[in-house]
Structures are given as C-alpha cells and as structure tokens.
Amino acid sequence: MNKSSHWSAMGEWSVIWGMRFLLRVYLLFGRTVLQCFLYPVVSYYWLANKPGRAASRAYLKRVAALSPASGLHGNLRDSYRHFISFANAIIDKLAAWSGALSLSDVDYHGRDSLLAQIRTGKGAILLGSHLGNLEVCRVLADMDEAVRINVLVHTKHAEKFNDLLKQTNRNSGLNLIQVTEVSAATSMMLSDKIDNGELVVITADRTPVSPNPRVSRAKFLGADALFPQGPFILASLLKCPVYALFCLKQNGKQVIYFERFSDLLTFPRKNREQALQQTVQRYAERLEHYCLMEPLQWFNFFDFWQVNEQ
C-alpha cells in the first residue's frame, strides 16, 4: 500500500494539546459553547480536506446503494453532515473523559454476558472500530472497580492521554497502551491482564502502521477492503473469548453493543490464511451491519477501499 495513502499518514487534529484545550472549554462552558468552537473548525476542515471529503462521499455512496432507506446519496450535503457528526463525537468523547456521562446516559446490549465472563476471573478481547465512540466504554470501567479496560492505540501520545484521563478521574479503570506492532513482550503483558480478568480493546478496522502489514481482504459495503489480521491473531494467542464492541449514539443516548464473537479463535497451520480470511470476513459483516444502522458515525476519512497487491 502506498504509504502516503495510509490512514496513519493523515494529520489527526486530536493531538494532546488540542484535546486538553477542548476539554477545558467543555468543563468551563459546556456543550453549547464548545460547539461554537468546533463547528467552524470542522467546517473549515471539510472545505480544506479534499481527500477526506472525497472519501466521505465515496463511503456514503456505498451506504446509499445498499440502504436506500438511509436517505443518503453521498452528495456534498451528506458529506458535511458526516463531518459534523464527527464534531459531535468529539464532544461526546470529552463528556466521557470528564465523567459527565453517567450510567443513565448509556444503554447496553449484551453487557450481562461480558460481566459474567469477567466474574470467571478470565478477561476477554474486545474488537473495537472507528464506528461511534469507544471512549464511552469509560463509563463501563467506572461503574465497577472490578472492571479494568486496556485500550491498544497507535498514537504516540498514549501516556499523555492517560495523564489527561487521570486528571479528570483518578480512579478510572481505563488504561491506554501505545503499540505500533504486537511483540512477544506485548503479548506476555496482555496475557497477564487477561489472566487477571481485565479487558483488552483493539480496533479491527484499520490496517497496521508497520511497513509490511498482515492483512486480509474482506467484502465490506459491496467491495473488497483490507482489514488487519493482528487483532484476531492476538486473540488466538491469548486464548480467551472475543467480543465485537460497537458504541453508537441513538435517540440521544449512547448505546453499547457487546456481541460474543468467539469463545476461542484458532487458526490451524495447514489452512491458516483461509481461516483468518473467514474470521476477518465475519467481522467485516458485523461492522457493516452496524455501519448501516448509523452510517454517519463511521469515522474513517480516507480511501478505505484502496486495495493494492501486498
């Protein structure tokens, strides 16, 4: 894949100083005033970011073709709504960080199954995505001292983000872990966390940052796209249950969906690639299902379907 086209080459504006400033505005003045800051910024970003705008429209056109009932067409208006949805997701992210979200603001589907798994003393892998707002899971971490959530992130600012989280809630059970690739040492560390009954969240809808990423092709929204093999290989190494995790904003509330994806992932050596591809395809189908539920909440503003020979 052309390095310049990779998602990691895009400048993300949610750097630590920016998030610190936005969090301060949110805490001092609330959501309405913060929107006065965010909307002009996102509007400018939408106008200036031609590749992101084109990627947004291409994605929304795929949604429109598969789901006419969505009312989307993939035009400029839809793309702008997509970016504004991103702005609102940032505000929801800040609300989750600040502790402004309570359990009454969140609905759950499948939570009892996950909590029962934690009570066995063995943790689980949660396959997250860039659909909706993973930060809302902080509410789950705060509701029970027994729940510890570790989120694997690619950002180099993981330690600073952790400091920011601790400033808003010192007792938070959410921990960010920076990784570019999962080494043997990383696997051992995560294995210890799983054995301690903790949860490990890893996004499964972006290819790795490494030069030669391990990926599988999967049909997603009507065309082939590349998905990372790493989250699924990691889950097989950790020998633990796997859940698909989606957090959507619906009817003014955050709704978290936990789906039992597998009791134990195994990839036999003789048909390893085939088994991996089938597993990745199954995940892509679940991601598509939830994307079609809330299409404006999938935030990958790059050409997701740019499939090159590996």
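The values are calculated or read from the model by the stated rules, or taken from the named source; none is laboratory data. Bear in mind the structure is a predicted one, so any value in this text is a computation, not a measurement. Cβ coordinates were reconstructed from backbone atoms using ideal geometry, including for glycine residues, and neighbour counts include every protein chain displayed.
Residue check: Arg260 meets all listed conditions (1) under 30 Å from Phe83 (Cα atoms); (2) touching a residue at least 40 places away in the same chain (Cβ under 8 Å); (3) of a type in the set (Lys, Arg) but one, namely (1). Pairing residues of segment 28-54 that are over 20 Å from Ala96 (Cα atoms) with residues that are modelled with pLDDT of 85 or more and loosely packed, with under 12 Cβ neighbours inside 10 Å, at Cβ distances under 9 Å and at least 6 apart in sequence or on separate chains, gives Arg53/Leu47.
Checking the stated criteria, Ala244 turns out not to satisfy the condition of being out of contact with any Gly (no Cβ under 9 Å at 6 or more places or on another chain) and either within 30 Å of Asp105 (Cα to Cα) or of a type in the set (A, V, I, L, M) (or both).
Scanning segment 55-108 for residues that are assigned to a loop (DSSP other than H, G, I, E, B), at pLDDT 95 or above and of a type in the set (S, T, N, Q) gives Ser67, Asn75. Among residues of segment 196-213 that are modelled with pLDDT under 90 and basic (Lys, Arg), those with a beta-carbon under 8 Å from a residue that is in a strand (DSSP E or B) and crowded, with 17+ Cβ neighbours inside 10 Å at least six positions away or on a different chain give the pairs Arg206/Pro228.
Of the residues that sit in segment 109-123 and are charged (D, E, K, R) and surrounded by 15 or more Cβ atoms within 10 Å (Cβ to Cβ), which one is nearest to Gln35 (Cα to Cα)? Working first, answer last.
Residues of segment 109-123 that are charged (D, E, K, R), as a first pass: 111-112, 119, 122.
Now restrict to residues that are surrounded by 15 or more Cβ atoms within 10 Å (Cβ to Cβ): 111, 122.
Values: Arg111: 32, Lys122: 42 Å.
Among them, the one singled out is Arg111.
Name the residues in segment 239-274 that are of a type in the set (Gly, Ala, Ser) and either at pLDDT below 95 or within 15 Å of Ser129 (Cα to Cα) (or both), would you? It would help to see each step written out before you state the result.
Filtering segment 239-274 down to residues of a type in the set (Gly, Ala, Ser) leaves 244, 252, 262.
Listed by number, the residues that qualify are Ala244, Gly252.
Count, please, the residues in segment 235-246 that happen to be more than 14 Å from Leu199 (Cβ to Cβ) and either in contact with an Asp or Glu (Cβ under 7 Å, 6 or more places away or on another chain) or buried (at least 22 other Cβ atoms within 10 Å of the Cβ) (or both).
Kept after step one, since they are more than 14 Å from Leu199 (Cβ to Cβ), are these residues of segment 235-246: 236-237, 239, 246.
Subsequent filtering for residues that are either in contact with an Asp or Glu (Cβ under 7 Å, 6 or more places away or on another chain) or buried (at least 22 other Cβ atoms within 10 Å of the Cβ) (or both) retains 246.
Looking only at that region, the number is 1.
Is it the case that Ser70 is of a type outside the set (Val, Ile, Thr), closer than 24 Å to Gln306 by Cβ, crowded, with 22+ Cβ neighbours inside 10 Å and in contact (Cβ under 8 Å) with a residue 24 or more places away in the chain? It is false that Ser70 is of a type outside the set (Val, Ile, Thr), closer than 24 Å to Gln306 by Cβ, crowded, with 22+ Cβ neighbours inside 10 Å and in contact (Cβ under 8 Å) with a residue 24 or more places away in the chain. Among residues belonging to segment 1-19 that are surrounded by fewer than 15 Cβ atoms within 10 Å (Cβ to Cβ) and at pLDDT 50 or above, point out the one that is nearest to His82 (Cα to Cα). So, considering only residues that are surrounded by fewer than 15 Cβ atoms within 10 Å (Cβ to Cβ) and at pLDDT 50 or above, the one nearest to His82 (Cα to Cα) is Gly18. Does segment 94-108 include one or more residues that are polar (S, T, N, Q), more than 20 Å from the chain's Cα centre (by Cα), more than 19 Å from Leu199 (Cβ to Cβ) and surrounded by fewer than 17 Cβ atoms within 10 Å (Cβ to Cβ)? Within segment 94-108, one or more residues are polar (S, T, N, Q), more than 20 Å from the chain's Cα centre (by Cα), more than 19 Å from Leu199 (Cβ to Cβ) and surrounded by fewer than 17 Cβ atoms within 10 Å (Cβ to Cβ).
Out of everything in segment 144-195 that is at pLDDT 75 or above and in a loop (DSSP other than H, G, I, E, B), what residue ends up being nearest to Pro231 (Cα to Cα)? The residue in question is Arg148. With respect to being closer than 22 Å to Val25 by Cβ and among the basic types (Lys, Arg), Lys93 fits the description.
I'd like to check which strands (runs of 3 or more DSSP E) are fully inside segment 205-310 and have at least 2 residues that are under 21 Å from Val136 (Cβ atoms). Give the derivation first.
Details: elements: 215-220, 223-228, 242-250, 253-262.
Result: 242-250, 253-262.
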